[in-house]
């Protein structure tokens with residue numbers, strides 16, 4: 001991803017949950033680079049702890065506090081909002097979602 005200050009917002013609904021935890025800081029750095037100053041980023045993850053393969057796919061699960069820590073630790077974003085939601089699919093009610101909305105701090109150098 002080579003965009004620089006190109007987007008007002010990024011919608012990463014149920015997509016970053018397939019990124020290994022160790023790779024998330026690099027992805028967030030690229031998103032920071034791609035967002036215009038003050039740009040917004042939304043992301044959602046399944047509620048839980050750790051990483052695992054489910055149904056043949058890789059998942060990184062988070063609890064709300066650790067998701068906030070992951071998005072804020074490098075000082076690239078400020079927290080706009082974080083919250084939990086239920087899965088809308090009746091067969092998946094037992095595993096809620098954690099959601100985060102952050103705003104870009106600064107501009108790309």
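The values are calculated or read from the model by the stated rules, or taken from the named source; none is laboratory data. Keep in mind the model is a prediction, meaning the values are calculated, not measured. With ideal geometry, Cβ positions are generated from the backbone for all residues, glycine too; neighbour counts draw on all protein chains shown.
Of the residues making up the range 84-109, those that are assigned to a strand (DSSP E or B) and either out of contact with any helix residue (DSSP H, G or I) (no Cβ under 8 Å at 6 or more places or on another chain) or touching a residue at least 60 places away in the same chain (Cβ under 8 Å) (or both) number 7.
Tell me, which residue of the range 46-65 that is free of Cβ contacts under 8 Å to residues at least 40 places away in the same chain and either part of a loop (DSSP other than H, G, I, E, B) or closer than 15 Å to residue 107 by Cβ (or both) is nearest to the chain's Cα centre (by Cα)? That would be 63.
State all residues of the range 1-45 that are assigned to a strand (DSSP E or B) and under 12 Å from the mean Cα position of the chain (by Cα); if no residue qualifies, say none.
Once the filter is applied, which keeps residues that are assigned to a strand (DSSP E or B) and under 12 Å from the mean Cα position of the chain (by Cα), the range 1-45 yields 10, 11, 12, 40, 41, 42, 43, 44, 45.
To keep it simple, each residue is scored yes or no on (1) modelled with pLDDT of 95 or more; (2) in contact with a helix residue (DSSP H, G or I) (Cβ under 7 Å, 6 or more places away or on another chain); (3) loosely packed, with under 13 Cβ neighbours inside 10 Å.
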| site | (1), (2), (3) |
| --- | --- |
| 21 | yes, no, no |
| 29 | yes, no, no |
| 32 | yes, no, no |
| 43 | yes, yes, no |
| 55 | no, no, yes |
| 72 | yes, no, no |
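Take the conditions (1) within 12 Å of residue 24 (Cβ to Cβ); (2) touching a strand residue (DSSP E or B) at 6+ places or on another chain (Cβ under 6 Å); (3) in contact (Cβ under 8 Å) with a residue 40 or more places away in the chain; residue 73 misses just one of them, which is (2).
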